[in-house]
Structure formats: C-alpha cells, structure tokens
Amino acid sequence: MTQLKFPIYLDYSATTPVDPRVAEAMIPYLTEHFGNPASRSHSFGWTAEHAVEDARAQVAALVNCDPKEIIWTSGATESDNLAIKGAAQFYKSRGQHIITVKTEHKAVLDTCRELERQGFEVTYLPVLDNGLIDIEAFKAALRPDTILVSVMLVNNEIGVIQDIVQIGDICREKGIVFHVDAAQATGKVHIDLEALKVDLMSFSAHKTYGPKGIGALYIRRKPRVRLEAQMHGGGHERGFRSGTLATHQIVGMGEAFRLAREEMDAENERILGLRNRLWQGLSDIEEVYLNGDLAARVAHNLNVSFNFVEGESLIMAIKELAVSSGSACTSASLEPSYVLRALGRNDELAHSSIRFTIGRFTTEAEIDFAIKLLHEKIGKLRELSPLWEMFKDGVDLNTVEWAAH
Amino acid sequence: MAYSNKVLDHYENPRNVGTFSKGSEDVGTGMVGAPACGDVMKLQIKVGANGVIEDAKFKTYGCGSAIASSSLVTEWVKGKTLDEALNIRNTDIAEELALPPVKIHCSILAEDAIKAAVNDYRQKHDSK
Ligand SMILES: Cc1ncc(COP(=O)(O)O)c(C=O)c1O
C-alpha cells in the first residue's frame, strides 16, 4: 500500500489543485510569451492573442458552443454578476421580475439582493426535500413581467443536478432570458449549449483543475442576448468586459477544459466508484442521512448528516481529512447551511452535515482511511453528545423545550 | 479556525464526561442551549452534605470551544460551594481557553450551565 499523505483532500468542490499539465502549459505565458493580447502591432501581442483564442475554442468545445459566445471574466462570481445584473439592466423596460432558487450560490443570491435594492422584484424558489426544483412551482412563479431566470446546473453543497432542459424550454417559449451557473458542472456533466435553451452560462477554471481567478461567461448569439457591461474601460471582449486579458490564466483554463473534455467519462466512472464506496462504508453508522438526491447528482459529491454530532466539532475530530461542513459555525453567524435548511432538514441535521467532494487525485486507500476514521470519531463524539443520550433514552427531541440563548 | 492549545487539550481529552442519575437527591442538572443554535450543554453537579460540589459531569453537543468550555467548568466547580461556583464568570472561561470573539457565546453557555445546575439542585432542596 502506498503511504497516505495527510491531510487527505476531500474538498474538491471548494477548489481543485491545478493539474500539473495545466501548470506546465501556463508557465511560458508568464515569462517568454508575456505580450498583451490586445497589442496589434507586434508578434508579442499576436502570440498572446493566438493563445487566448485557442483557449477560447477549448472552453467552447467542452460545452459545445461557438468560441465567439465565450467571454473571459475573473471567475464564476464575476460571470454571475455580469449575466444577472447585465441582463436585468438591459431588459428592465420589459419587466422587473426575476426568478432564482433558494439553494443558489451566494454569487447569484447576493447579486439578486442587490437588484432588489435597485427596484427589481425577485422570487426565490423553494426546492423539494431532495434539493431539486419542483417544475410546477417554477411555472407558477412565472409572471408576465418576468425577464430573467437564474438556476444553477450543479449545486456546490449537495451536488444535485437541476433539470435545466425543461426550465430552458419554458423560458425560451416565453422569451425570458435564462442564466445557468455551471461553476460546479464542467467536467462532471455533459453540457451541450447547442441543444440547451440556455442564454447565459457561468464557468470557473479552479473547480476543474485550472487556476483561480479566471472564468468565462457564455453569451448566446442566436437568438442574441444583450447585456449591460459592468466593467468599463478599453472595450475588451467586445465591450462586455474591459480589462487586459490574463493570458496565462486563460491558457490554463483552456488546457484544463480540454483535459476535462478528453477525460471526463473515464474520470467520472472512477470517481463514482469511490463515492459509492464511501457512502457504503458510512451508511452502516446509525442515524446517518444523505442530503440531496442520490440519482440526480454528480459523482463527486457526498453530503451526509451525522445526527447528534455537531459539524464543526466533527471536522476538528477528523483533522486528517480536509472536508467542509455544511454548518457555517466557523463564522460568527451560527446559522446552519441555508441549502440544507431549504431541503427542510431540521436543526440537528443541518448542523451535523459534512460535505465530502472527491476528485482527480483521490485514491481508494484515502477513502478507506476516511471510512475508518469517521466510524471511530462519530462514536467518540456521540459519547459526548447529550442529544445522542436523549435519543438513546427514547426522548423525542422535537418535544423538548430548549433554553435557547 | 486555529484553536488554542488549551481548547485542543480539553477537546481531545475531555474531563469528566458522563451522566449522574438525574433523579438523585444530591445531583443538580443544567441543560442549556438548543440544537437550533448548534450547541447544547448538559452539566451535572453532585453536592455533598456540607454543600460543597464533590463531583461534576458533562455532555456537550457543539463545536470544539463549547466542548472545551464545559469540560473546563467541570474541573473548576469541583471543591467549590454552590455560591462559589456561581461566581465563575464567562470571561474567566474565555480567558483561560483563549477563545476568539466568535466563540465567546460558548463560555456564556458554560456559565449558564453552572447556574442552571445549581438552580436545579436548590429547587430540589427548597421544595422540601
Ligand atoms: C456554484 C458556484 N457558483 C459560483 C462560484 C464562485 O466561483 P469563483 O470562485 O470562480 O468566483 C462557486 C465557487 O465557490 C460555485 O460553487
């Protein structure tokens, strides 16, 4: 058996390491080929421009669109901001109503909050207890003045895949702009923008083995979607997003997406095997709950609540594993994950969740180690837990009157 | 978040984990916090005939700082009279464990747990 290295990284949805092949592709564009892609008067500029356009084609190839429909941004946060604010502001004379979902990433939710301050009205759709949107509820939320719908493809916490085919069809039929945050989807699910009725789609490099600080936004040309620019300046990226292009980052994103396209089928099969192994290894622990639908889910994600054990103390107990807790107890807010709350999970379960996300460099030995460690530590923390004791004594925790502070 | 060595020590080797029989005459039980807030502490004191706390036990559902605060408190109350125990302040706990500002509520909860346990004990005896 190969020696395990600690801590074991099981947080691939937070970010991924840059694939060594990607890093290698990037380096020449920091030193040798440092030109500004906007320089038209010499070969330094031409070389950089060429690299940027190659990368654009690589990104477009992964999601089956025209490279002209891809513009570079600093990441999915910026893409979400540009798409949502840009479309809302451009189309506001048609209506002021926007629909999104309670389980979206903060980059979408906070952008919508800002638009509410600017006078737009936003509906935050609830989800079913498996994390998926109820299409009937979506249809019911549509109004004559709805101009924009934003729904993520893959959820960052629970990994569920929303049905953007059906939502897209409905939006197209009604002439509503449809934005999809696909930051967690690239290299994990097949995306075919030629077939999908999606108008705007956000991407990030660092979730798919590319560098941080670079992303892209897909902007459909047929039928054409218009946006108000959010960043003004030299008119780069056809005026959608000014600023000198970060050639090395762009080259990295292109190479990362090229690798994703080539390797995703084999990689997903391997990762699914590891995920199933992990879930099987954990599901014999008492009072363990899977959060989010198992079938409509990317292979990489396992989000589990270990009832009666608080998430932050569990993370402390399993310090050999780098995972994240659905509970936001590390911040001052003490709020359990809003995503799990949207699934209707009760307080104990929402505070007891751990997100495991598996990736390219995860091994079977690492998964086996994680299973063993969790069995041991869950037992130890439950010995410490008054809630576990009450549960074992047959007390229904819902009937207890807590002295809340 | 980085934890102080004292928090880590209590977390890894919690003192006095366990349960006394709740109904016993010489036991006072305090349960504070709520699952909704992410922490619940149960502190029990066993009081001798001379009014001195002879033993203490705890169980805590919560973050590392909450576990450490309650573990520490079980050590501190032992050998104290009820009034002395009531004089333990959350600021003492926070200082001893070097809790960061976002974890101060854990020390407040531990102080509340002492009060609740002492109250429970006194109620048992006053109602006689
Ligand atoms: C679904 C989703 N959207 C947006 C983002 C933000 O991406 P970036 O870090 O590229 O700004 C993330 C990453 O945290 C994400 O998971």
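Quick one: how many residues across the stretch B:8-36 are among the hydrophobic types (A, V, I, L, M, F, W, C), touching a residue at least 24 places away in the same chain (Cβ under 8 Å) and within 25 Å of B:V118 (Cα to Cα)?
Of the residues in that region, 5 qualify.
Considering the stretch A:287-312 alone, what residues qualify as being part of a loop (DSSP other than H, G, I, E, B) and away from every other protein chain (no Cβ under 14 Å)?
A:N291, A:G292, A:D293, A:L294, A:A295, A:A296, A:V298, A:A299, A:H300
Do we find a residue being crowded, with 21+ Cβ neighbours inside 10 Å, part of a loop (DSSP other than H, G, I, E, B), more than 16 Å from the ligand (Cβ to nearest atom) and not charged (D, E, K, R) anywhere in the stretch A:254-268? Give the derivation first.
Step one: list which residues in the stretch A:254-268 are crowded, with 21+ Cβ neighbours inside 10 Å, which gives A:254-257, A:259-260.
Checking the rest, the ones that are also part of a loop (DSSP other than H, G, I, E, B) come to none.
Looking for residues that are crowded, with 21+ Cβ neighbours inside 10 Å, part of a loop (DSSP other than H, G, I, E, B), more than 16 Å from the ligand (Cβ to nearest atom) and not charged (D, E, K, R), one finds none in the stretch A:254-268, hence no.
For the stretch A:81-130, name all the residues that are within 17 Å of the chain's Cα centre (by Cα) and free of Cβ contacts under 8 Å to residues at least 24 places away in the same chain.
If the condition is that a residue be within 17 Å of the chain's Cα centre (by Cα) and free of Cβ contacts under 8 Å to residues at least 24 places away in the same chain, then A:K106, A:L109, A:D110 are the ones that fit.
Quick one: is A:E401 within 11 Å of chain B (Cβ to nearest Cβ) and at pLDDT 95 or above?
So A:E401 does not fit the description; no.
Please work out which residue is farthest from A:L259 (Cα to Cα), limiting yourself to the stretch A:158-201 and to residues that are crowded, with 24+ Cβ neighbours inside 10 Å and of a type in the set (D, E).
A:D199
Starting from residues that are within 13 Å of the ligand (Cβ to nearest atom) and touching a Leu at 6+ places or on another chain (Cβ under 9 Å), keep the ones in the stretch A:93-130 and report whichever is farthest from A:I164 (Cα to Cα).
A:T103
Just checking, how many residues over the stretch A:131-156 are touching a residue at least 60 places away in the same chain (Cβ under 8 Å) and either within 14 Å of chain B (Cβ to nearest Cβ) or more than 16 Å from the ligand (Cβ to nearest atom) (or both)?
Summing the residues that are touching a residue at least 60 places away in the same chain (Cβ under 8 Å) and either within 14 Å of chain B (Cβ to nearest Cβ) or more than 16 Å from the ligand (Cβ to nearest atom) (or both) in the stretch A:131-156 gives 2.
Any idea which of A:T31, A:T47, A:T73 is within 15 Å of the ligand (Cβ to nearest atom) and not hydrophobic (A, V, I, L, M, F, W, C)?
After ruling out the rest, the residue left standing is A:T73.
List every residue pair whose Cβ atoms sit under 8 Å apart, with the two residues 6 or more apart in sequence or on different chains, where the first one lies in the stretch A:183-196 and is of a type in the set (D, E) and the second, anywhere, is surrounded by fewer than 24 Cβ atoms within 10 Å (Cβ to Cβ).
Pairs that qualify, where the first residue is of a type in the set (D, E) and the partner is surrounded by fewer than 24 Cβ atoms within 10 Å (Cβ to Cβ), are A:D192/A:N64; A:E194/A:N64; A:E194/A:C65.
In the stretch A:1-106, which helices (runs of 4 or more DSSP H) lie fully inside it and hold 1 or more residues that are closer than 20 Å to A:R226 by Cα?
The qualifying helices (runs of 4 or more DSSP H) are A:43-63, A:76-90.
Could you list all residues from the stretch A:14-28 that are under 30 Å from A:N155 (Cα atoms), away from the ligand (no atom under 16 Å from the Cβ) and of a type outside the set (A, V, I, L, M)?
Across the stretch A:14-28, the qualifying residues are A:D19, A:P20, A:R21.
The values are calculated or read from the model by the stated rules, or taken from the named source; none is laboratory data. Keep in mind it's a predicted model, so treat the numbers as computed, not measured. Using ideal geometry, Cβ is built from the backbone for each residue, glycine included, and neighbour counts are taken over all protein chains shown.
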